[in-house]
Each structure stands twice: as C-alpha cells, then as structure tokens.
Amino acid sequence: MSQELWTAVDSYVEGLLIGPDAALDAALATSVAAGLPEIAVTPSQGKLLFLLARMVGARRILEIGTLGGYSTIWLARALPADGGVVTLEADPKHFEVARKNIARAGLAKVVDQRLGLALETLAELVEEGAGPFDFVFIDADKENTAEYFGWAVHLSRPGTAILVDNVVREGELADAATTDPQVLAMRRFHDALAADIRVSATTIQTVGGKGYDGFTLAVVGG
Ligand code: SAH
Ligand code: DHB
Ligand code: MG
C-alpha cells in the first residue's frame, strides 16, 4: 500500500465523480501562485464536505481555517439561496487570496470572511449572537483544536454536525509517547471528546492524494 496507489485512486474518483471545475481549479492554482501552503482538502474530501453539509440541510456553516478558500467554496455551494458561511482566517495574505477565489466562484455574498485569530473571532461571534450553525468545519492551527471544538459546540444546536480535519496524522494519534505538539493536541482533543456528554463522535482514518490522515465527525446532542 503506497502513496502512489492512494493518489491513483483519488485521480480515478476525481475523474469520474468530480471533474474539472473552473472556480475550484482556479482557487488551487492562485493559491500555489501566491505561495500558500498546499494543504487544502483534496477534491474528493471537498466533495465530502459538500455532501455532509447537504445531508444535514445546512443553512449556516462555520469554517475555522480558510486558507485560499478551496474548502470554503465547496461548503458554500452546499447552501440553499438564503444560507451563509462564516470562515475564519488569521493570515492576511491567505484571507486576500481567498477573497478573490470566493468572488470568482460567485460566492462573495454567501461567504462572510473574518480576519483574525480564531479564538478571538469565535468570542466575537458569540458576542454578536451569531449561530447556531448547522455545520462546522475545524481546520486551522491544530494546537487549538480542542478549544475550537468547545466554541463550535457553544455555537451549535442539537443536530449540528462538526467535522475536524487532520486528526490521525499518519497514525501518530495512537502513539501515547508522541512528543509532536500537533499530535499531542489531537490526543488532548480526543480525551476531551471522550468526556463530552454533549456530543456523539467517531474518528475515521483516510488515505488519498494528501497521504494518511483522518477526520473526526461529531453530532451535537447525540
Ligand atoms: N480549510 C482549508 C485549509 C486550511 S489550512 C482548505 O481545506 O482549503 C489552515 C489555515 O488556518 C491556514 O490558512 C492558517 O493561516 C489558518 N490559521 C492558523 N492559525 C490560525 C488561527 N489562530 N486563527 C485563524 N486561522 C488560523
Ligand atoms: C497539513 C494538512 C492540512 O489539511 C492542514 O489543515 C494543515 C497541515 C499538512 O499536511 O501539513
Ligand atoms: Mg486540513
């Protein structure tokens, strides 16, 4: 089992079930051209975000970690006409690349981009009375994942789905002796999840074009 094989299967699935898409392809190309890290979700994962948001009938979506707006576009496309995405980003350069990409996708009116440290913006959203959100995607700095999950639940209603990216880290999640701060953060997040009676959750390992990692999926009130 190899990265080459995982990439080949992703390409096969993309060719049949996703295909070329001007706005999404441009979002990735402009992100590379601007020197952003190539860490967006893969096309098949982007479509999973779209499908999950559709499955919960999401009208209001919260995303933590915009980067160039690739996942944001997938999420925004899942919304009904009166829906909206709020997406949080700390890096002004990423924010600006995403702004153009979201506009090119025709989604500028659907997406509310907030620039700033997510922990601060999340507190502001609560102050504003934002939410409840129907779907939350957590994909920013991994060290704060447990805190972001806490805010996500706070901004939720019973039935809200929360998806967290990059939780498995090539299997290091299961290594009790790990010293990697990002893996330690994901283990701390899982400890919190295990003790959290407000949610029902599981973690699914994934392989694909971006390697071996995984998602945690949780439902509030489960
Ligand atoms: N969801 C995107 C990828 C996000 S990458 C996609 O799949 O297309 C993670 C992003 O989180 C980066 O753009 C990074 O700048 C941002 N980030 C890191 N720390 C942050 C923080 N404290 N607050 C908000 N955003 C942060
Ligand atoms: C990486 C991947 C991600 O999906 C992310 O959000 C951050 C970092 C990575 O592969 O380093
Ligand atoms: Mg990610």
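The values are calculated or read from the model by the stated rules, or taken from the named source; none is laboratory data. Keep in mind the model is a prediction, meaning the values are calculated, not measured. A quick note on method: Cβ atoms are made from the backbone with ideal geometry, for glycine too, and the neighbour counts reach across all protein chains shown. Ligands, DNA and RNA are stripped out before the accessible areas are found, and what is left, the full protein with its side chains, is counted by its heavy atoms. Shrake-Rupley method; radii C 1.70, N 1.55, O 1.52, S 1.80 Å.
Considering only segment 162-172, how many residues are farther than 21 Å from Thr72 by Cβ and open to solvent by less than 30 Å² (accessible area, probe 1.4 Å)?
Filtering segment 162-172 for residues farther than 21 Å from Thr72 by Cβ gives 168-172.
The next check asks that each one be open to solvent by less than 30 Å² (accessible area, probe 1.4 Å); those that pass are 168, 171.
Residues that pass the stated criteria total 2.
Give the residue that is least open to solvent (accessible area, probe 1.4 Å), with candidates limited to residues of segment 92-101 that are closer than 10 Å to Leu115 by Cβ and charged (D, E, K, R).
So the residue we want is Glu96.
Consider segment 146-184. How many of its residues are in a loop (DSSP other than H, G, I, E, B) and β-branched (Val, Ile, Thr)?
Of all residues in segment 146-184, those in a loop (DSSP other than H, G, I, E, B) come to 155, 165-171, 175-180.
Add one more test, that the residue is β-branched (Val, Ile, Thr), and what stays is 167-168, 178-179.
So the count comes out to 4.
Could you check Val136 against (1) open to solvent by less than 10 Å² (accessible area, probe 1.4 Å); (2) β-branched (Val, Ile, Thr); (3) touching a Lys or Arg at 6+ places or on another chain (Cβ under 7 Å); (4) under 27 Å from Thr206 (Cα atoms) and say which number it fails?
Unmet for Val136, out of (1) open to solvent by less than 10 Å² (accessible area, probe 1.4 Å); (2) β-branched (Val, Ile, Thr); (3) touching a Lys or Arg at 6+ places or on another chain (Cβ under 7 Å); (4) under 27 Å from Thr206 (Cα atoms): (3).
Go through segment 111-126 and give me each residue that's of a type in the set (Val, Ile, Thr) and open to solvent by less than 40 Å² (accessible area, probe 1.4 Å).
Going residue by residue through segment 111-126, those that are of a type in the set (Val, Ile, Thr) are 111, 121, 126.
Passing the criteria: Val111, Thr121.
Residues being more than 16 Å from ligand 1 (Cβ to nearest atom) and more than 19 Å from Thr72 (Cβ to Cβ): count how many of those fall in segment 118-161.
10
For segment 118-145, how many residues are within 16 Å of ligand 2 (Cβ to nearest atom) and either in a helix (DSSP H, G or I) or not aliphatic (A, V, I, L, M) (or both)?
8
Select the strands (runs of 3 or more DSSP E) contained entirely in segment 59-117, then report the ones holding at least 1 residues which are within 7 Å of ligand 1 (Cβ to nearest atom).
In segment 59-117, 60-64, 84-89 are the strands (runs of 3 or more DSSP E) which contain 1 or more residues that are within 7 Å of ligand 1 (Cβ to nearest atom).
Considering segment 68-91 alone, what residues qualify as being over 18 Å from Gly131 (Cβ atoms) and open to solvent by less than 30 Å² (accessible area, probe 1.4 Å)?
Those that are over 18 Å from Gly131 (Cβ atoms) and open to solvent by less than 30 Å² (accessible area, probe 1.4 Å): Gly68, Gly69, Tyr70, Ser71, Ile73, Trp74, Glu89.
Residues in segment 36-51 that are within 16 Å of ligand 2 (Cβ to nearest atom) and either over 21 Å from Ser11 (Cα atoms) or out of contact with any Gly (no Cβ under 9 Å at 6 or more places or on another chain) (or both): how many?
Residues flagged as within 16 Å of ligand 2 (Cβ to nearest atom) and either over 21 Å from Ser11 (Cα atoms) or out of contact with any Gly (no Cβ under 9 Å at 6 or more places or on another chain) (or both) within segment 36-51 amount to 9.
Which residue pairs have Cβ atoms closer than 8 Å, lie 6 or more positions apart in sequence or on different chains, and pair a first residue in segment 201-214 that is within 22 Å of Phe149 (Cα to Cα) and assigned to a strand (DSSP E or B) with a second residue that is open to solvent by less than 80 Å² (accessible area, probe 1.4 Å) and modelled with pLDDT under 95?
That search, which allows pairs on different chains as well, returns Ala201/Gly222.
Which residues, taken from segment 51-78, are of a type in the set (Gly, Ala, Ser) and either without any contact (Cβ under 8 Å) to a residue 40 or more places away in the chain or in contact with a helix residue (DSSP H, G or I) (Cβ under 7 Å, 6 or more places away or on another chain) (or both)?
Correct list: Ala53, Gly68, Gly69, Ser71, Ala76, Ala78.
Keeping to segment 12-40, report how many residues are under 21 Å from Glu170 (Cβ atoms) and surrounded by 12 or more Cβ atoms within 10 Å (Cβ to Cβ).
Residues meeting the conditions: 2.
Out of Arg99, Arg54, which single residue is more than 16 Å from ligand 3 (Cβ to nearest atom), modelled with pLDDT of 95 or more and under 26 Å from Glu143 (Cα atoms)?
One residue alone meets the criteria, Arg99.
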